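Colleague: Okay, here's the structure, questions in a sec.
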Amino acid sequence: MKTRVKELRTGANMTQQQLADLVHVSSRTIISIEKEQYRPSLMLAYRMAQVFGVTVEDLCCLKENKELEDKQFEDL
């Protein structure tokens, strides 16, 4: 799942470890989210959104991800 975590984190001049500490996860979790290898839980997405002052919808690119998923279903 595409997110804006890396974009927002680097824009805030924050390390992966700093973000991880703020949202109570390991830096590996942040790395995996940024590489689109792991989907954050709703609570983790909410915590990260609060850190960056954005909505969960914006953080997780929900509109874009929904459109991509809808397109996959159309192709079936």
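Colleague: Nothing charged except the Cβ atoms of Lys and Arg (+1) and of Asp and Glu (-1): what's the magnitude of the dipole of the range 1-58 about its Cα centre? Round to the nearest 20 debye.
Modeller: The dipole of the range 1-58 has a size of about 140 debye.
Colleague: Return the sequence-ordered ³J(HN,Hα) values of the range 23-36 in whole Hz as given by the Karplus equation 6.51 cos²θ - 1.76 cosθ + 1.60 applied to θ = phi - 60°, using x for Gly and Pro.
Modeller: Running phi through 6.51 cos²θ - 1.76 cosθ + 1.60 with θ = phi - 60° gives 10, 6, 9, 7, 5, 4, 5, 4, 4, 5, 5, 5, 8, 6 Hz.
Colleague: Another one. Using each residue's phi in the range 6-11, evaluate 6.51 cos²θ - 1.76 cosθ + 1.60 at θ = phi - 60° and report the 3J(HN,Hα) Karplus result to the nearest Hz, with x for Gly and Pro.
Modeller: Rounded to whole hertz, the list is 4, 4, 5, 5, 5, x.
Colleague: Let me ask another. Determine the relative contact order of the chain: mean sequence separation of Cα pairs under 8 Å and six or more apart, normalised by residue count, in whole percent.
Modeller: 36 percent
Colleague: Something else now. Please identify the trypsin sites (Lys or Arg not before Pro) of the chain that satisfy two criteria: DSSP loop assignment and at most 12 other Cβ atoms within 10 Å. Which are they? Spell out each step's value before the answer.
Modeller: On the way: sites: LYS2, ARG4, LYS6, ARG9, ARG28, LYS35, ARG47, LYS63, LYS66, LYS71; in loops: LYS2, ARG4, LYS35.
Passing both the DSSP loop test and the Cβ count: LYS2, LYS35.
Colleague: Once neighbouring chains are kept in place and the probe is 1.4 Å, which whole percent of the accessible area of the range 12-54 is contributed by carbon and sulfur?
Modeller: Working: 1320 of 2730 Å².
The value for the range 12-54 is 48 percent carbon and sulfur by accessible area.
Colleague: May I pose another question? Can you give me the angle between helix 62-74 and the longest principal axis of the chain, using Cα atoms only, in degrees from 0 to 90, rounded to the nearest 10?
Modeller: So the helix axis and the longest Cα principal axis differ by about 30 degrees.
The values are calculated or read from the model by the stated rules, or taken from the named source; none is laboratory data. If you're wondering where the values come from, they're calculated on a predicted model, not measured in any experiment. Positions of Cβ are generated from backbone atoms using ideal geometry, with glycine treated the same way; all protein chains shown enter the neighbour counts. What goes into the accessible areas is simple: the full protein's heavy atoms, side chains included, and nothing from ligands, DNA or RNA. Shrake-Rupley method; radii C 1.70, N 1.55, O 1.52, S 1.80 Å.
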